[in-house]
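The values are calculated or read from the model by the stated rules, or taken from the named source; none is laboratory data. No experiment lies behind these values; they were computed from the predicted model shown. Positions of Cβ are backbone-derived with ideal geometry, glycine not excepted, and every protein chain shown enters the neighbour counts.
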Amino acid sequence: MAKILIVDDSETHLYTIQKIVEGAGHEVITASNGEEGIEQANAHVPDLILMDIVMPGINGFKATRQISKNEATANIPVIFVTTKDQETDRIWGMRQGATAYVTKPVDKKVLLKAINSALG
């Protein structure tokens with residue numbers, strides 16, 4: 001299936017999302033912050049990135065902008081997976097180039113639908 005990078009600073013959320021993604025048959029790469037997420041995206045060029053927003057250092061919005069500006073990673077779809085559930089957050093997230101916006105706690109069906117849609 002697909003190679004999916006999960007970027008989240010919460011070990012609990014990382015584990016939960018990883019189990020859902022692996023359960024759907026995908027290969028998983030993880031990163032625990034935005035900076036590491038950018039590095040992993042460059043190193044592995046995944047098929048999809050699941051990006052948290054609220055992280056120390058480089059947040060998910062900024063990391064997504066950097067990934068989308070890099071020629072090697074610009075075409076990787078990004079789905080924000082976050083606790084930020086305000087409409088303004090969704091709008092801003094989509095303006096950063098996100099393919100979808102999923103709120104935590106993660107609903108397995110909603111996440112898998114967003115992943116399948118992003119992967120085409």
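Among the residues making up segment 68-109, those that are β-branched (Val, Ile, Thr) and under 14 Å from the mean Cα position of the chain (by Cα) are THR73, ILE76, VAL78, ILE79, VAL81, THR82, THR83, THR99, VAL102, THR103, VAL106. The number of residues in segment 36-67 that are closer than 17 Å to VAL102 by Cβ and among the polar types (S, T, N, Q) comes to 2.
Which condition from (1) in contact (Cβ under 8 Å) with a residue 40 or more places away in the chain; (2) among the polar types (S, T, N, Q); (3) touching a strand residue (DSSP E or B) at 6+ places or on another chain (Cβ under 9 Å) is the one that SER10 breaks? Here SER10 clears every test but (3).
Okay, residues lined up against (1) at pLDDT 95 or above; (2) more than 22 Å from GLY23 (Cα to Cα); (3) surrounded by 19 or more Cβ atoms within 10 Å (Cβ to Cβ):
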position	(1), (2), (3)
THR64	yes, yes, yes
LYS69	no, yes, no
ASN75	yes, yes, no
MET94	no, yes, no
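Scanning segment 85-104 for residues that are under 20 Å from GLU11 (Cβ atoms) and out of contact with any helix residue (DSSP H, G or I) (no Cβ under 8 Å at 6 or more places or on another chain) yields a single hit, THR103.
Yes or no: segment 1-13 includes at least one residue that is under 23 Å from GLY120 (Cβ atoms), of a type outside the set (Val, Ile, Thr) and modelled with pLDDT under 95. Scanning segment 1-13, I find at least one residue that is under 23 Å from GLY120 (Cβ atoms), of a type outside the set (Val, Ile, Thr) and modelled with pLDDT under 95, so the answer is yes.
Among the residues here, ASP9 qualifies as surrounded by 13 or more Cβ atoms within 10 Å (Cβ to Cβ) and more than 20 Å from ILE115 (Cβ to Cβ). Residues being in contact with a strand residue (DSSP E or B) (Cβ under 7 Å, 6 or more places away or on another chain) and under 13 Å from VAL7 (Cβ atoms) are entirely absent from segment 105-117.
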